[in-house]
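Step one of this worksheet: look at the structure below.
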Amino acid sequence: QVQLVESGGGLVQVGGSLRLSCAASGGTFRIKTMGWHRQAPGKERELVAGNRSDVTTKYADSVKGRFTFSRDNAKNTVSLQMNSLKPEDTAVYYCSMVTYLGTRYWGQGTQVTVSS
């Protein structure tokens, strides 16, 4: 059974930094896309940063220049370095993966709270 296990969320003050990590395991799969989404209370889930076939990385406009996405294909892991955090970054962050068969998997989510 495929699992995405996230770590690294928490509480941080405005301007601080956090690093999220996610590891995929539990099956034989070829990963096409991995990324991070987030969902704030009362809002839809949105893409924060994602990478397709390790070629291009897309960032939400709101995080460009502050967040850095990285992917390690050998380990099936992704990370999200978040700097200069703002209160509006507060959300549950989800790791996601899409295989070449088109199956999408989600992690359990990790809470990021930025206090002012």
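The values are calculated or read from the model by the stated rules, or taken from the named source; none is laboratory data. What you are looking at is a predicted structure, and each value in this text was computed from that prediction instead of being measured. Don't worry about glycine lacking a Cβ; one is built from the backbone with ideal geometry, like all the others, and counts go over all protein chains shown. Note: areas computed on protein heavy atoms with side chains; ligands, DNA, RNA excluded. Shrake-Rupley method; radii C 1.70, N 1.55, O 1.52, S 1.80 Å.
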Item to check | In the range 1-16, the residues that are surrounded by 12 or more Cβ atoms within 10 Å (Cβ to Cβ) and at pLDDT below 90 | outcome: 2
Checklist outcome for this item: Those residues of the range 68-116 which are without any contact (Cβ under 8 Å) to a residue 24 or more places away in the chain, within 25 Å of residue 2 (Cβ to Cβ) and within 15 Å of the chain's Cα centre (by Cα) amount to 70, 72, 104
Item to check | Of the criteria (1) surrounded by 14 or more Cβ atoms within 10 Å (Cβ to Cβ); (2) under 15 Å from residue 23 (Cβ atoms), which one residue 59 fails | outcome: (2)
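With the structure loaded, tell me whether residue 19 is in a strand (DSSP E or B), open to solvent by 50 Å² or more (accessible area, probe 1.4 Å) and in contact (Cβ under 8 Å) with a residue 12 or more places away in the chain or whether it fails that test. So that I can check it myself, show each step before the final result.
Working: in a strand (DSSP E or B): yes; open to solvent by 50 Å² or more (accessible area, probe 1.4 Å): yes; in contact (Cβ under 8 Å) with a residue 12 or more places away in the chain: yes.
Spelling it out, residue 19 is indeed in a strand (DSSP E or B), open to solvent by 50 Å² or more (accessible area, probe 1.4 Å) and in contact (Cβ under 8 Å) with a residue 12 or more places away in the chain.
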Checklist outcome for this item: Per the filter on the range 22-45, residues buried (at least 17 other Cβ atoms within 10 Å of the Cβ) and closer than 11 Å to residue 111 by Cβ are 38
Item to check | Residues within the range 38-56 that are more than 12 Å from the chain's Cα centre (by Cα) and assigned to a strand (DSSP E or B), tallied | outcome: 2
Item to check | Residues located in the range 63-80, provided they are outside any loop (DSSP other than H, G, I, E, B) and surrounded by 14 or more Cβ atoms within 10 Å (Cβ to Cβ) | outcome: 63, 67, 68, 69, 70, 71, 77, 78, 79, 80
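Looking only at residues that are in a loop (DSSP other than H, G, I, E, B) and in contact with a strand residue (DSSP E or B) (Cβ under 6 Å, 6 or more places away or on another chain) in the range 87-116, which one is surrounded by the most Cβ atoms within 10 Å (Cβ to Cβ)? Working first, answer last.
Quick first cut of the range 87-116, residues in a loop (DSSP other than H, G, I, E, B) only: 90, 100-103, 107-109, 116.
With in contact with a strand residue (DSSP E or B) (Cβ under 6 Å, 6 or more places away or on another chain) added as a condition, the list becomes 90, 100, 107, 109.
Values: 90: 18, 100: 11, 107: 21, 109: 18.
Restricting to residues being in a loop (DSSP other than H, G, I, E, B) and in contact with a strand residue (DSSP E or B) (Cβ under 6 Å, 6 or more places away or on another chain), the top hit is 107.
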